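The values are calculated or read from the model by the stated rules, or taken from the named source; none is laboratory data. What you see is a predicted model; the values in this text were computed from it and never measured. Cβ atoms come from the backbone with ideal geometry, glycine included; neighbour counts cover every protein chain shown. Only protein heavy atoms, including side chains, enter the accessible area calculation; ligands, DNA and RNA are left aside. Shrake-Rupley method; radii C 1.70, N 1.55, O 1.52, S 1.80 Å.
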Amino acid sequence: MTDTKPDWHQRARSLVIEGRAFIDGRYVHAVSGLTFDRASPIDGRVVAQVASTDVADVDLAVAAARRSFESGAWSRQPPRERKRVLLRFAELILEHRDELALLETLDMGKPISDSLAVDVNSTARCIAWYAEAIDKIYDEGAPTGHDALALVTREPVGVVAAIVPWNFPLIMAAWKIGPALAAGNSFILKPSEKSSLTAIRIAELAARAGIPDGVFNVLPGFGNTAGQALALHMDVDCIGFTGSTRTGKLMLQYAGQSNMKRVWLECGGKSPNIILADCPDLDRAAAAAASAIFFNQGEMCSAGSRLIIEEPVRDAVLEKVIAASRDLQPGDPLDPATRMGAIVDDLQLKTVLGYIEAGREDGAKVLAGGNRARQETGGFYVEPTIFGDVRQEMRIAREEIFGPVLAAITVKDAEEAVRIGNSVIYGLAAAVWTRDITRAHRMARALRSGMVYVNCYDADDITVPFGGFKQSGTGRDKSLHAFDKYTELKTTWIDLS
Ligand code: NAD
């Protein structure tokens with residue numbers, strides 16, 4: 001029998017990678033002609049030259065987006081027509097599943113099996129879901145008196161710019177593309193400079209699906225050039241941002257300095273995963289705890305990076321999480337058997353190793369990992385790392401690391417767990433493991449987080465909102481609530497007297 005399994009290394013060698021911007025329906029070089037090298041975190045080798053867009057390119061993309069919006073070629077299409085085109089877009093993404101997965105893995109280092117099973121599939125599903133939703137949403141008639149008719153209708157905001165991070169390049173973009181395009185906006189996507197390749201690639205698929213010129217644009221480039229120019233632009237109506245809390249705060253400033261554009265922020269997290277002594281299944285909880293911090297190399301906004309354990313079960317839980325971490329050692333991201341890949345670049349590697357050092361210096365105890373791995377490959381890998389004896393005042397317990405580093409904190413009861421859980425500036429996700437339903441509900445109410453999982457972690461579906469309290473952000477991605485970001489409400493009052 002012949003082996004029909006794809007050799008991803010071979011495919012990577014023959015892949016033709018597009019690095020140009022996509023403006024007004026075609027690929028173009030940056031006006032300046034400048035490009036930057038993208039080195040794969042797998043082995044540090046340059047895989048693409050990417051257009052480095054700046055103010056002039058932003059002006060062109062915004063003008064194209066505005067023109068297309070005003071033309072009505074997309075914004076005034078009947079919802080069922082936008083649905084048809086977006087469903088075709090989702091289909092094309094799936095038809096290019098292998099290519100997109102390979103680009104995603106080469107670019108940001110995640111395991112190819114995850115890129116295939118998670119990233120590309122979720123992206124297509126998300127766009128298809130918003131396509132399916134848009135011709136089923138009705139506007140409102142207000143309960144006014146007999147002599148008036150008041151309509152509450154939704155309109156697209158206009159030109160929407162999305163600025164997204166590198167950890168789930170396709171999915172984070174799709175969470176904004178889906179609702180923004182379905183609602184009839186024109187769209188400009190600014191991917192992270194660390195992971196632009198799939199964003200650039202899907203622009204051509206969008207055009208092929210029938211999205212009119214100017215409605216979907218992609219501007220690769222850096223934050224302080226392309227990103228800042230977009231966020232300061234007087235003709236961008238809305239910024240959908242996902243990234244760090246630090247950059248999110250800049251978005252609010254840029255909006256204030258320019259045209260008061262709508263700003264929606266999906267930012268960082270330091271999420272508590274609380275395992276109480278009456279946890280119904282310690283094996284399941286420990287496996288979920290490992291996956292909550294080590295999936296995607298820990299480069300997850302909602303990572304369960306603080307494992308808060310009630311004292312009686314501390315040793316049993318830690319023993320199981322440490323055992324699970326041994327099965328998750330970093331490997332070659334292009335090997336389908338690999339479950340943990342590379343850290344996105346050398347800068348992020350240094351950040352993660354710096355936090356591991358800080359944990360040691362502050363007196364926490366390394367229970368597993370703690371080192372760089374696979375250095376001989378030229379790539380950027382870190383062992384899954386678990387710290388015990390962590391106290392809440394330590395940096396590793398308070399700051400987002402965005403890498404495979406778990407801080408385990410022991411508490412004496414549920415009340416202390418909630419207090420510590422809420423004691424950081426973030427409020428993205430939280431989990432509680434208990435068999436007591438009343439306690440689960442009481443804790444879910446007390447935890448100041450956008451998502452609370454009970455007896456699970458990172459349970460996910462496009463039907464539920466995703467986003468955070470406090471400095472984890474504003475607004476929500478996913479679900480029908482995401483339309484709130486990309487539409488304006490209009491009241492039309494008609495006097496019938
Ligand atoms: P980042 O803030 O450095 O960059 C995010 C995006 O902003 C990138 O496209 C970047 O080029 C751009 N940018 C940077 N500086 C800018 C500036 N001055 N003006 C305009 N744009 C600028 O974040 P990152 O390192 O790419 O991503 C990691 C962060 O993203 C983590 O904090 C993580 O928690 C967060 N994140 C949040 C969610 C969520 O849904 N809440 C999801 C994924 C990632």
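Just to be sure before I move on: is Ser291 in a loop (DSSP other than H, G, I, E, B) and among the polar types (S, T, N, Q) in the structure I sent? So Ser291 does not fit the description; no.
Summed over the range 424-435, the residues that are touching a helix residue (DSSP H, G or I) at 6+ places or on another chain (Cβ under 8 Å) and open to solvent by 20 Å² or more (accessible area, probe 1.4 Å) give a count of 2. For the range 148-169, check the following and say yes or no: at least one residue is within 16 Å of the ligand (Cβ to nearest atom), assigned to a helix (DSSP H, G or I) and buried (at least 23 other Cβ atoms within 10 Å of the Cβ). The answer is yes, given that some residue of the range 148-169 is within 16 Å of the ligand (Cβ to nearest atom), assigned to a helix (DSSP H, G or I) and buried (at least 23 other Cβ atoms within 10 Å of the Cβ). Residues of the range 39-65 that are charged (D, E, K, R) and open to solvent by less than 20 Å² (accessible area, probe 1.4 Å): Asp57 alone.
Identify, please: which residue in the range 340-367 is in contact with a helix residue (DSSP H, G or I) (Cβ under 9 Å, 6 or more places away or on another chain) and among the small types (Gly, Ala, Ser) and is, among those, farthest from the ligand (Cβ to nearest atom)? By that ranking, first place goes to Ala364. Per the listing Ile275, Ile239, Ile293, the residue uniquely more than 16 Å from the ligand (Cβ to nearest atom) and in contact with a strand residue (DSSP E or B) (Cβ under 6 Å, 6 or more places away or on another chain) is Ile275. Only one of the numbered conditions (1) assigned to a loop (DSSP other than H, G, I, E, B); (2) touching a strand residue (DSSP E or B) at 6+ places or on another chain (Cβ under 8 Å) is violated by Ala61, and that is (1). If the condition is being open to solvent by less than 10 Å² (accessible area, probe 1.4 Å) and in contact (Cβ under 8 Å) with a residue 40 or more places away in the chain, then the range 465-482 contributes Gly467, Gly468, Ser472, Asp477, Lys478, Ala482.
Take Asp98 and decide whether it is surrounded by 20 or more Cβ atoms within 10 Å (Cβ to Cβ), touching a residue at least 40 places away in the same chain (Cβ under 8 Å), outside any loop (DSSP other than H, G, I, E, B) and not hydrophobic (A, V, I, L, M, F, W, C).
Values: surrounded by 20 or more Cβ atoms within 10 Å (Cβ to Cβ): no; touching a residue at least 40 places away in the same chain (Cβ under 8 Å): yes; outside any loop (DSSP other than H, G, I, E, B): yes; not hydrophobic (A, V, I, L, M, F, W, C): yes.
Criteria not met by Asp98.
Restricting attention to the range 6-20, the residues that are touching a residue at least 60 places away in the same chain (Cβ under 8 Å), part of a loop (DSSP other than H, G, I, E, B) and within 29 Å of Leu219 (Cβ to Cβ) add up to 5. Considering (1) more than 16 Å from the ligand (Cβ to nearest atom); (2) within 30 Å of Ala417 (Cβ to Cβ), the lone condition that Arg208 does not fulfil carries the number (2).
Which one of these is over 22 Å from the mean Cα position of the chain (by Cα) and open to solvent by less than 20 Å² (accessible area, probe 1.4 Å): Ala286, Ala316? If you could, list the steps in order and put the result at the bottom.
On the way: Ala316 fails: open to solvent by less than 20 Å² (accessible area, probe 1.4 Å).
The unique qualifying residue is Ala286.
Go through Lys485, Lys490 for me and flag whichever is buried (at least 20 other Cβ atoms within 10 Å of the Cβ), within 30 Å of Leu151 (Cα to Cα) and out of contact with any His (no Cβ under 9 Å at 6 or more places or on another chain). So the residue among Lys485, Lys490 that is buried (at least 20 other Cβ atoms within 10 Å of the Cβ), within 30 Å of Leu151 (Cα to Cα) and out of contact with any His (no Cβ under 9 Å at 6 or more places or on another chain) is Lys485. State yes or no: is Glu99 under 16 Å from Ile202 (Cα atoms) and either within 15 Å of the ligand (Cβ to nearest atom) or at pLDDT 95 or above (or both)? Yes; evaluated as a whole, the condition is true for this residue.
Among residues of the range 244-257 that are hydroxyl-bearing (Ser, Thr, Tyr), those with a beta-carbon under 8 Å from a residue that is part of a helix (DSSP H, G or I) and open to solvent by 20 Å² or more (accessible area, probe 1.4 Å) at least six positions away or on a different chain give the pairs Thr247/Gly223; Tyr254/Gln228; Tyr254/Leu232.
For the range 250-280, the tally of residues that are open to solvent by 20 Å² or more (accessible area, probe 1.4 Å) and either within 16 Å of the chain's Cα centre (by Cα) or not aromatic (Phe, Trp, Tyr) (or both) stands at 14.
For the range 68-75, the criterion of a residue being aromatic (Phe, Trp, Tyr), more than 26 Å from the chain's Cα centre (by Cα), in a helix (DSSP H, G or I) and within 28 Å of Val159 (Cβ to Cβ) is satisfied by at least one position. A Cβ distance below 8 Å, combined with a sequence gap of six or more or placement on separate chains, defines the contacts here; from the range 220-236, residues that are at pLDDT 95 or above and among the aromatic types (Phe, Trp, Tyr) reach residues that are within 9 Å of the ligand (Cβ to nearest atom) and open to solvent by 10 Å² or more (accessible area, probe 1.4 Å) in the pairs Phe222/Glu193. Looking across the range 368-400 at every residue that is within 16 Å of the ligand (Cβ to nearest atom) and open to solvent by 40 Å² or more (accessible area, probe 1.4 Å), the one that is farthest from the chain's Cα centre (by Cα) is identified as Arg395.
Looking at the range 72-87 only, could you name the residues that are open to solvent by 50 Å² or more (accessible area, probe 1.4 Å) and either among the charged types (D, E, K, R) or in contact with a strand residue (DSSP E or B) (Cβ under 6 Å, 6 or more places away or on another chain) (or both)? Selection gives Arg76, Arg80, Glu81, Arg84. For Asp413, the conditions (1) open to solvent by 40 Å² or more (accessible area, probe 1.4 Å); (2) touching a Ser or Thr at 6+ places or on another chain (Cβ under 9 Å) are fulfilled apart from (2).
For the range 211-227, does any single residue satisfy the condition of being within 23 Å of Ala124 (Cα to Cα) and open to solvent by 40 Å² or more (accessible area, probe 1.4 Å)? Within the range 211-227, one or more residues are within 23 Å of Ala124 (Cα to Cα) and open to solvent by 40 Å² or more (accessible area, probe 1.4 Å). Residues of the range 403-424 that are more than 26 Å from Tyr381 (Cβ to Cβ) and small (Gly, Ala, Ser): Ala414, Ala417, Gly421, Ser423.
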